[in-house]
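We did not get these values from a lab; they are worked out from the coordinates using the rules stated. Quick caveat, the model's predicted, so the values are computed rather than measured. Cβ atoms come from the backbone with ideal geometry, glycine included; neighbour counts cover every protein chain shown.
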Amino acid sequence: MTRNLQKVPYGYVPPVETTKGTLIYYDPFEEIGREQGLSQAVQVKSEQAFQRLVLYPLHEQTMKRMYKREGTSFYKRENALQDWIQEHSVGDIELDAWEGKRKKYVPIEAALRHLTEKNPAPYFLLVSGETANAFASYHVFQEWIVKIRLLLLDEPASLHPRLQQYDSRWSRITL
């Protein structure tokens, strides 16, 4: 068994890490021209000192099942997001286009599994109120809410009973 030995000077104290985990913005990104949600996500990342911001756009089939409405093509939204990232030249923002590669419906638990395997913990999921209610209606919600923390952009008019049950695991962001 090999050991990795490191030599440090006497009295060395490792620096305290000032950044924490990953902020995952899970959204259809239909109205990128509006930019309100994207600018809020960047502001939350900088204010709360997240290590990384991951933008996760949803595929049309996922939108159709989750929101019961049609969406624009994935590649158009992906290109618009890439343009926005380059235009604003904000560091440590990653665009995860895994759903675009799969080209089909991806359940939220599969997306979260993919994102948590790839990014550093702890995990914060930034979603709209509508997405939070939809996520709470799935049977996997109770399994995932203990692993991640929800940050809501806006609070829905009526909360799902599971969101009320786990009110300590989510909060609404105020900027």
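Got the relative contact order for the range 10-110 handy, in percent, Cα pairs under 8 Å and 6 or more residues apart?
Relative contact order of the range 10-110: 30 percent.
In deg cm²/dmol and to the nearest 500, what is the mean residue ellipticity at 222 nm of the chain if only DSSP H runs of at least 4 residues count, each as -39500 (n - 2.57), divided by the residue total?
One gets -10500 deg cm²/dmol as the mean residue ellipticity at 222 nm.
Where the eigenvalues come from the Cα gyration tensor of the chain, what are the semi-axes √(5λ) of the equivalent ellipsoid, largest first, in whole Å?
With the √(5λ) rule applied to the chain, the semi-axes are 30, 20, 17 Å.
Which is the longest part of the chain that has none of the chymotrypsin sites (Phe, Trp or Tyr not before Pro) sitting in a DSSP loop with at most 13 other Cβ atoms within 10 Å?
Longest stretch, sites excluded: 13-175.
With a cut-off of at most 14 other beta carbons within 10 Å, and DSSP calling the residue loop, which trypsin sites (Lys or Arg not before Pro) in the range 88-175 qualify? Please list them.
On the way: sites: Lys101, Arg102, Lys103, Lys104, Arg113, Lys118, Lys147, Arg149, Arg162, Arg169, Arg172; in loops: Lys103, Lys104, Lys147.
Here the sparse-neighbourhood loop sites are Lys103, Lys104, Lys147.
Amide H to amide H, which residues 5 or more places from Leu95 or on other chains are under 5 Å from it, using H placed in the peptide plane?
Leu55
What is the range 100-143 by shape, rounded, prolate or oblate, if you read a ≥ b ≥ c off the alpha carbon gyration tensor as root eigenvalues and call it rounded for a/c under 1.5, prolate for a/b larger than b/c, and oblate otherwise?
oblate
Considering lysine pairs in the chain that are 8 or more places apart or on different chains, how many have Cα atoms under 23 Å apart?
Eligible lysine pairs with Cα atoms under 23 Å apart amount to 20.
Can you pull out the trypsin sites (Lys or Arg not before Pro) in the range 32-93 that DSSP calls coil and that have at most 16 other Cβ atoms within 10 Å? Working shown, then result.
Values: sites: Arg34, Lys45, Arg52, Lys64, Arg65, Lys68, Arg69, Lys76, Arg77; in loops: Arg34, Lys68, Arg69.
Taking the range 32-93 and a limit of 16 other Cβ atoms within 10 Å, the loop trypsin sites (Lys or Arg not before Pro) found are Arg34, Lys68, Arg69.
Sequence gap at least 6, Cα distance under 8 Å: using those rules, report the relative contact order of the chain to the nearest whole percent.
This gives 22 percent for the chain.
Taking only the C-alpha atoms, wrap a convex hull around the range 111-175 and report its volume per residue in Å³ as a whole number.
Measuring per residue, one finds 88 Å³ for the Cα hull of the range 111-175.
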